[in-house]
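See structure below.
The values are calculated or read from the model by the stated rules, or taken from the named source; none is laboratory data. If you're wondering where the values come from, they're calculated on a predicted model, not measured in any experiment. Here the Cβ positions follow ideal geometry from the backbone for every residue, glycine too, while neighbour counts run over all protein chains shown. Heads up: the accessible areas ignore ligands, DNA and RNA and are worked out on the full protein's heavy atoms, side chains in. Shrake-Rupley method; radii C 1.70, N 1.55, O 1.52, S 1.80 Å.
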Amino acid sequence: MALKEPVLLKRVEKMTDPTSVEEFTKYGGFDALKKAVIMDKEAILDELDTAHLRGRGGAAYPLGRKWRHLYGSQNTPKYIVCNADEGEPGTFKDKMLLEKDPLSVIEGMVIAGYVFGSNDGYIYIRGEYRHIQAVFHQAVRNARAAGYLGKNIMGIEGFDYDLHIISGGGAYVCGENSALLNSVEGKTGRPRVKPPHLADVGLYLKPTLVNNVESFACVSAVINMGGEAFLNLGTKDGGGTKLICLSGHIKNPGVYEVELGMPLDEILYSEEYGGGTSTGRPIKFIHFGGQSGPIGTSEQIKDRLYDYGDFWYNKLAIGSGAIVVMDTSVNAIDYMTSVMEFFVHESCGKCTPCRLGTTRLLELFKKFQRHGGKQGDIEKLEKMLEHITNLSACGLGQSVSVSARSALAGYRDEFEACIN
Amino acid sequence: MDIRERNEKLRIIHQDGGEQENILEILIDLQFASEEGYIDKETAALVAQELHMTETRVYEIVSYYAMLKEKPQAKFVLKVCNSSPCHFSRSEEVILSLEKKLGVPIGKTTDDGLFAYHYIPCVGACDIGPVVKIRDTVFGSLDDDKISSLIDNLRNGEVVV
């Protein structure tokens, strides 16, 4: 069943100027903030827990748990950071919020500022979205002029909080939270060794919250409707609605908002959403959640619900919300070669398993592509995937194997056909 | 660098407070404002001085981030997205069309210094692939004809990026 009323995209296309505070408030903007500042902070955390809001950047970590971790930290100051370094291929939903409803992201970040008594929030927007950075700068200026950022926000004595807008420079790895913080500090954006957790030692070595753009927008929705109602939009494995991005061989590509738990077939085939393939050929597989996500075969995706639990149980993942559709003309080896080229390009080079591992993996895929595989090469591939997963320092290297393993599981015959 | 040019660069460096935190925005803005689309040595030295960093640190950043360039670029660099959603939406054909139209191979600049083209990873426009990005503008749903007229229009100034 299609979504009755959009939650995250309710203002999109309605506002003539998305940076206008006046229009934003006309459509319910800042209602959540007004409600939050008269709530007990513990009660806000309770609502987020009840909502079972999972982080929308890809890792799907329960947001309430992340907030509680930071809330419990005694160290000050605390920093609020929004990860707007949307770089997972097939993902372009944060772009929509940043461009079409930037104040909704700002509202979520101000609520976080209130909960944690923070004075400084940062938003790190990918360099390729330079035109959107300009929109966001304007939205921040307007929010400041209207008293929703700056000193004594909404007239509340001592509620001082402002936003800094930081540009990325074209490095996928900066979407990894610790690399992102290094980049904010004006350093090269390479990941840090963890632990310590960023909620303990984050930006400028201070306790830091890092959440995705859509997650911050969800926070306002939770406060507005209450945790229970938000949960009920989704399933017991994750509440709310999710922005999804359809691309590849799909008739109606674009960003859509769906309730978690919606039948995947409806997303793919109904005219309101995907509308089936664009090529007339059937779907062969889908790459979910970005390059670091798994590939689902046509068998695997049958009768699935777009839900965290149902997906995980079937070795799939929601991830960032990317749904890249590939039809039967695409060979699994060719697809994986393209994915691996991306990882080779984006590996930051800090740790050897990822730097060399991605290169060696690409060489192997290209060898398969030439049908030059030798006996034992598939086993070698499996070993290499194990090494890169277990030995890499950050999420980039650790997730290189996800798509490759699922491709191997689903299309082993195509790999075997490349062995002489 | 004459005094006017220097003042303009200083304005860009300090427009958002001139903190080390802003270095990427500063360098990208300086690069966009430059004639040849790169961070020259003098500019890097000026940024280092104003942000109280060493030149080595500035160059570490310029060489690390893909958007920043150390060498002069063509006036119009056409960046063709090659991440998988675009790759399997015929981004290779875009490269072939560009090669045919411009007469130079991928990675080379045309003799008049106007055009060059190369692949880049995802620009976040997967719904309109295949795409070309020039400066801040994305051109989507491309085919041979559209590419041909895009090049003509860039050359005669009818499309401004």
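Being over 23 Å from the mean Cα position of the chain (by Cα) and surrounded by 15 or more Cβ atoms within 10 Å (Cβ to Cβ) is the filter here; which residues of the range A:47-75 pass it?
Once the filter is applied, which keeps residues that are over 23 Å from the mean Cα position of the chain (by Cα) and surrounded by 15 or more Cβ atoms within 10 Å (Cβ to Cβ), the range A:47-75 yields only A:Ser73.
Residue-wise test of (1) without any contact (Cβ under 8 Å) to a residue 60 or more places away in the chain; (2) assigned to a loop (DSSP other than H, G, I, E, B); (3) surrounded by 24 or more Cβ atoms within 10 Å (Cβ to Cβ); (4) not assigned by TED's automatic domain parsing to the domain that holds A:Gly87.
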position	(1), (2), (3), (4)
A:His131	yes, no, no, no
A:Ala139	no, no, yes, no
A:Asp162	yes, no, no, no
A:Ala179	no, no, yes, no
A:Ser183	yes, no, yes, no
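Take residues that are surrounded by 14 or more Cβ atoms within 10 Å (Cβ to Cβ) and either more than 12 Å from every other protein chain (Cβ to nearest Cβ) or of a type in the set (S, T, N, Q) (or both) and tell me which of the strands (runs of 3 or more DSSP E) falling wholly in the range B:108-160 contain 2 or more.
Once the strands (runs of 3 or more DSSP E) in the range B:108-160 are filtered for at least 2 residues that are surrounded by 14 or more Cβ atoms within 10 Å (Cβ to Cβ) and either more than 12 Å from every other protein chain (Cβ to nearest Cβ) or of a type in the set (S, T, N, Q) (or both), what remains is B:115-120, B:132-134.
Any idea how many residues of the range A:233-284 are on the phi > 0 side of the Ramachandran plot and within 14 Å of another protein chain (Cβ to nearest Cβ)?
3
Each row is one residue, and each column tells you yes or no for (1) over 17 Å from the mean Cα position of the chain (by Cα); (2) modelled with pLDDT of 95 or more; (3) over 21 Å from A:Phe92 (Cα atoms); (4) open to solvent by 10 Å² or more (accessible area, probe 1.4 Å).
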{"residue": "A:Cys245", "(1), (2), (3), (4)": "no, yes, no, no"}
{"residue": "A:Lys251", "(1), (2), (3), (4)": "yes, yes, no, yes"}
{"residue": "A:Met262", "(1), (2), (3), (4)": "yes, yes, no, no"}
{"residue": "A:Asp265", "(1), (2), (3), (4)": "yes, yes, yes, yes"}
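Results for (1) among the aliphatic types (A, V, I, L, M); (2) on the phi > 0 side of the Ramachandran plot; (3) within 12 Å of chain A (Cβ to nearest Cβ); (4) surrounded by 13 or more Cβ atoms within 10 Å (Cβ to Cβ), shown as yes or no for each residue.
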residue: B:Arg4; (1), (2), (3), (4): no, no, no, no
residue: B:Ile23; (1), (2), (3), (4): yes, no, yes, yes
residue: B:Gln31; (1), (2), (3), (4): no, no, yes, yes
residue: B:Glu35; (1), (2), (3), (4): no, no, no, no
residue: B:Ile39; (1), (2), (3), (4): yes, no, yes, yes
residue: B:Val47; (1), (2), (3), (4): yes, no, yes, yes
residue: B:Glu50; (1), (2), (3), (4): no, no, no, yes
residue: B:Thr56; (1), (2), (3), (4): no, no, yes, no
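In the range A:185-210, how many are crowded, with 24+ Cβ neighbours inside 10 Å and within 23 Å of B:Thr56 (Cβ to Cβ)?
Total meeting the criteria: 2.
Across the range A:315-338, what is the number of residues that are over 13 Å from the mean Cα position of the chain (by Cα) and either closer than 26 Å to A:Lys242 by Cβ or of a type outside the set (D, E, K, R) (or both)?
Adding up the residues that qualify gives 16.
One line per residue, one yes/no per condition, for (1) closer than 23 Å to A:Asp31 by Cβ; (2) within 13 Å of chain B (Cβ to nearest Cβ):
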position	(1), (2)
A:Asp49	yes, no
A:Ala59	no, no
A:Lys95	no, yes
A:Lys100	yes, no
A:Asn119	no, no
A:Glu128	no, yes
A:Arg144	yes, no
A:Lys151	yes, no
